[in-house]
Amino acid sequence: MLKMNFWNAKWDLDIKQCPCDAHFNDWIKQKKLKNKLIYHFGTGTHHVIGIKQATNKSNNAVFAITASREEYASYIELAIDRPRITKSYYAYFGDVYLTNPKLLPDFDVVTLFHLCEFFDAKNKAYGGVDDAKLLDILTAKTKPGGYILFFTGSFAFPSAEKIIAKWEKNGRVKRVGAFKTLLVFRKTK
């Protein structure tokens with residue numbers, strides 16, 4: 001029997017090494033985005049995006065995925081200790097490469113900071129899509145005018161950049177520019 005390819009580690013907040021979540025919260029503040037539904041790939045044990053968006057009076061809601069038992073356990077503890085957070089922040093445990101678009105609402109903002117970091121033969125063996133297909137699925141679930149962001153500091157960004165370049169040429173998105181370590185696109189149609 002094939003078992004899920006999960007991340008057998010956790011990510012505590014280390015802004016020097018991986019500032020993408022903090023930069024994302026800064027971007028939201030700078031854009032003054034309110035009442036938005038955000039899809040976030042990779043929660044970390046810190047849940048910085050979910051907590052900030054749940055407490056900053058923006059009325060933004062975050063739907064996030066993690067493939068780390070430790071990160072999911074930290075979400076459960078967060079929900080127990082601060083239940084109001086869960087009114088606008090929901091994290092689930094799973095393999096992002098098994099994303100079923102039928103189970104997702106349409107999003108205003110999608111973070112794909114970890115594109116190309118986790119896919120391998122294990123994911124494919126049990127029906128997981130590759131990173132290009134994942135990007136297509138989440139683009140389709142992004143509302144017109146919505147944003148899709150990537151982390152240029154990811155160790156896998158050189159691989160992601162190749163997928164992004166092909167994706168950008170399809171005409172469904174427009175490059176908005178960079179914000180700190182983030183590459184920002186807007187869905188056009």
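The values are calculated or read from the model by the stated rules, or taken from the named source; none is laboratory data. Predicted model only: the values in this text are computed from it and were never measured. Neighbour counts run over all protein chains shown; Cβ positions are idealised from the backbone, glycine included.
Determine whether the stretch 149-156 contains at least one residue that is touching a Lys or Arg at 6+ places or on another chain (Cβ under 8 Å), surrounded by 18 or more Cβ atoms within 10 Å (Cβ to Cβ) and of a type in the set (S, T, N, Q).
There is no residue in the stretch 149-156 that is touching a Lys or Arg at 6+ places or on another chain (Cβ under 8 Å), surrounded by 18 or more Cβ atoms within 10 Å (Cβ to Cβ) and of a type in the set (S, T, N, Q).
I'd like the full set of residues that are over 16 Å from Leu115 (Cβ atoms) and either crowded, with 17+ Cβ neighbours inside 10 Å or free of Cβ contacts under 8 Å to residues at least 12 places away in the same chain (or both), limited to the stretch 171-185.
Arg172, Gly177
Filter the stretch 37-55 for residues that are within 11 Å of the chain's Cα centre (by Cα) and hydroxyl-bearing (Ser, Thr, Tyr) and give the result.
Within the stretch 37-55, Tyr39, Thr43 qualify.
Looking at Ile80, Ile76, Ile15, which is the one that is β-branched (Val, Ile, Thr) and touching a helix residue (DSSP H, G or I) at 6+ places or on another chain (Cβ under 9 Å)?
Ile15
Considering each residue of the stretch 91-120, count those that are surrounded by fewer than 16 Cβ atoms within 10 Å (Cβ to Cβ), free of Cβ contacts under 8 Å to residues at least 60 places away in the same chain and either assigned to a strand (DSSP E or B) or touching a Leu at 6+ places or on another chain (Cβ under 7 Å) (or both), and give that number.
Of the residues in that region, 1 qualify.
If you take the residues in the stretch 90-135 that are within 13 Å of the chain's Cα centre (by Cα) and of a type in the set (Ser, Thr, Tyr), which one is farthest from Ala61 (Cα to Cα)?
For the stretch 90-135, the residue satisfying everything is Tyr97.
Report, by residue number, each residue of the stretch 46-73 that is part of a helix (DSSP H, G or I), touching a Phe, Trp or Tyr at 6+ places or on another chain (Cβ under 8 Å), surrounded by fewer than 22 Cβ atoms within 10 Å (Cβ to Cβ) and of a type outside the set (Ser, Thr, Tyr).
Answer for the stretch 46-73, where residues must be part of a helix (DSSP H, G or I), touching a Phe, Trp or Tyr at 6+ places or on another chain (Cβ under 8 Å), surrounded by fewer than 22 Cβ atoms within 10 Å (Cβ to Cβ) and of a type outside the set (Ser, Thr, Tyr): Ile51, Arg69.
Could you pull out the residue among Ala125, Ala79 that is farther than 25 Å from Gln53 by Cβ and among the aliphatic types (A, V, I, L, M)?
Ala125
Kindly list the number of the only condition in (1) buried (at least 17 other Cβ atoms within 10 Å of the Cβ); (2) touching a His at 6+ places or on another chain (Cβ under 7 Å) that fails for Thr142.
(2)
So for the stretch 101-109 (the condition being within 22 Å of Glu161 (Cβ to Cβ) and modelled with pLDDT of 95 or more), does at least one residue qualify?
yes
Of the residues that sit in the stretch 6-43 and are touching an Asp or Glu at 6+ places or on another chain (Cβ under 6 Å) and part of a loop (DSSP other than H, G, I, E, B), which one is modelled with the lowest pLDDT?
Lys10
Give the stretch 121-137 a look and list any residue that's assigned to a loop (DSSP other than H, G, I, E, B) and in contact (Cβ under 8 Å) with a residue 60 or more places away in the chain, or say none.
Within the stretch 121-137, Tyr126, Gly128 qualify.
Which residues, counting only those in the stretch 153-177, are part of a helix (DSSP H, G or I) and among the basic types (Lys, Arg)?
Result: Lys162, Lys166.
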